[in-house]
Amino acid sequence: MAGHATFGLIGTFLLLSFLGGSVVESSASEVQELTDLNFDRYVDGTSPWMIDVYAPWCGPCKALAPVWEDLARELKPLGIRVGRIDGPANKVSLQRLRVAHFPHLFHVIGDELREVPSMARSLEELQDFALTGWRSTQPRRGCSSPVSTCGRAIGAVKK
């Protein structure tokens, strides 16, 4: 029996070593899940946001997911929030944001929404856009911006 107990302890140790601490560490995501129902509560104009509208079946969306997680960790200390919306599950958000493809990335600051250029997909490019690059992109304003007063009113009616 002593041999079985020793093997059990060694086996457990090896298993925990192999897992590399994932049992102990929390893998909580810094990316906020946004929906039709919570979008206006979170994206309220008080913080800048980077938003990924994705589809669960989309290959490029799946490839972007780990970069988006890294982006959230990098931008959090700077006060920039990072979120994502499951497009097919949130039809009102798709309409409000005028999503034409997946993934479709946006930057929001105040009541202005900007589309992230489709070629920006690396962590560095996305960080640059979130920090300063957004300034060189024309925003959607007025009713065409889902985060403006008019856009929020339209969103409330569609929910």
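The values are calculated or read from the model by the stated rules, or taken from the named source; none is laboratory data. Since this is a predicted model, take the numbers as computed values, not measurements. Glycine gets a Cβ as well: all are built from the backbone with ideal geometry, and neighbour counts include every protein chain shown. Accessible surface areas use protein heavy atoms only, side chains included; no ligands, DNA or RNA. Shrake-Rupley method; radii C 1.70, N 1.55, O 1.52, S 1.80 Å.
Give the residues of the stretch 104-113 that are open to solvent by less than 60 Å² (accessible area, probe 1.4 Å) and either in contact with a Gly (Cβ under 9 Å, 6 or more places away or on another chain) or free of Cβ contacts under 8 Å to residues at least 24 places away in the same chain (or both), sorted by residue number. Across the stretch 104-113, the qualifying residues are His104, His107, Val108, Ile109, Gly110, Leu113.
Sort out which residues of the stretch 126-159 are within 12 Å of Arg114 (Cα to Cα) and open to solvent by less than 50 Å² (accessible area, probe 1.4 Å), and write them in order of number. Phe129, Ala130, Gly133, Trp134, Thr137, Pro139, Arg140, Ser144, Ser145, Pro146, Val147 - these are the residues of the stretch 126-159 that are within 12 Å of Arg114 (Cα to Cα) and open to solvent by less than 50 Å² (accessible area, probe 1.4 Å). Every condition in (1) within 22 Å of Cys58 (Cα to Cα); (2) touching a residue at least 12 places away in the same chain (Cβ under 8 Å); (3) loosely packed, with under 13 Cβ neighbours inside 10 Å; (4) not basic (Lys, Arg) holds for Pro117 except the one numbered (3). Counting the residues of the stretch 42-77 that are farther than 19 Å from Ala28 by Cβ and open to solvent by 40 Å² or more (accessible area, probe 1.4 Å) gives 8.
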